[in-house]
1. With the structure loaded, tell me whether residue 124 is more than 19 Å from residue 1 (Cβ to Cβ), in contact with a Pro (Cβ under 7 Å, 6 or more places away or on another chain) and small (Gly, Ala, Ser) or whether it fails that test.
2. So, in segment 83-100, exactly how many residues are open to solvent by 10 Å² or more (accessible area, probe 1.4 Å) and either out of contact with any strand residue (DSSP E or B) (no Cβ under 8 Å at 6 or more places or on another chain) or within 24 Å of residue 42 (Cβ to Cβ) (or both)?
3. Exactly one condition in (1) modelled with pLDDT of 95 or more; (2) out of contact with any Cys (no Cβ under 8 Å at 6 or more places or on another chain); (3) not in a loop (DSSP other than H, G, I, E, B) is not met by residue 30; state its number.
4. Any chance you could count how many residues in segment 108-124 are open to solvent by less than 40 Å² (accessible area, probe 1.4 Å), in a strand (DSSP E or B) and not aliphatic (A, V, I, L, M)?
5. If the requirement is being over 30 Å from residue 124 (Cα atoms), modelled with pLDDT under 95 and within 11 Å of the chain's Cα centre (by Cα), which of these qualifies: 25, 97?
Amino acid sequence: QVQLVESGGGLVQAGDSLRLSCAASGRTFSTYAMGWFRQAPGKEREFVATISRTDNTVYANSVKGRFTISRDNAKNTVYLQMNSLKPDDTAVYYCASSGPTGYTPTSERVYDYWGQGTQVTVSS
């Protein structure tokens, strides 16, 4: 069974950077599309970024140019580099896996394994 564990969240000021990590179990990690989603208090969970098994990427418009998703298959880890953070980026960030696919899905319905989340708080 796939297990995902996020880390790297914290409290930062607007304009700062953070790098989130998601460590995944399983030998088939390299075949998954991996995604990052986030959920702020009182709001629905929303798509942030995804990366395919061939390293194609898709980003939400709200984070384009600021966030970068990447993966290291040798380490079974996916990253989310977050630059120029804004207070609106404050949320619990979740790592997710879609299972075997060559696509870059943006819908959370496609993802069937989820991490526990890591809190990112950006002060003004």
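The values are calculated or read from the model by the stated rules, or taken from the named source; none is laboratory data. Because the structure is a prediction, the values reported are computed rather than measured. Cβ atoms come from the backbone with ideal geometry, glycine included; neighbour counts cover every protein chain shown. With ligands, DNA and RNA removed, areas are computed over all heavy atoms of the protein, side chains included. Shrake-Rupley method; radii C 1.70, N 1.55, O 1.52, S 1.80 Å.
1. Judged against the criteria, residue 124 is a match.
2. Total satisfying the criteria: 7.
3. All conditions pass for residue 30, except number (1).
4. 1
5. So the residue among 25, 97 that is over 30 Å from residue 124 (Cα atoms), modelled with pLDDT under 95 and within 11 Å of the chain's Cα centre (by Cα) is 97.
Residue by residue, here is whether (1) open to solvent by 40 Å² or more (accessible area, probe 1.4 Å); (2) in a strand (DSSP E or B); (3) under 13 Å from residue 4 (Cβ atoms) holds:
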{"residue": "23", "(1), (2), (3)": "yes, yes, yes"}
{"residue": "34", "(1), (2), (3)": "no, yes, yes"}
{"residue": "55", "(1), (2), (3)": "yes, no, no"}
{"residue": "64", "(1), (2), (3)": "yes, no, no"}
{"residue": "68", "(1), (2), (3)": "yes, yes, no"}
{"residue": "71", "(1), (2), (3)": "no, yes, yes"}
{"residue": "74", "(1), (2), (3)": "yes, no, no"}
{"residue": "106", "(1), (2), (3)": "yes, no, no"}
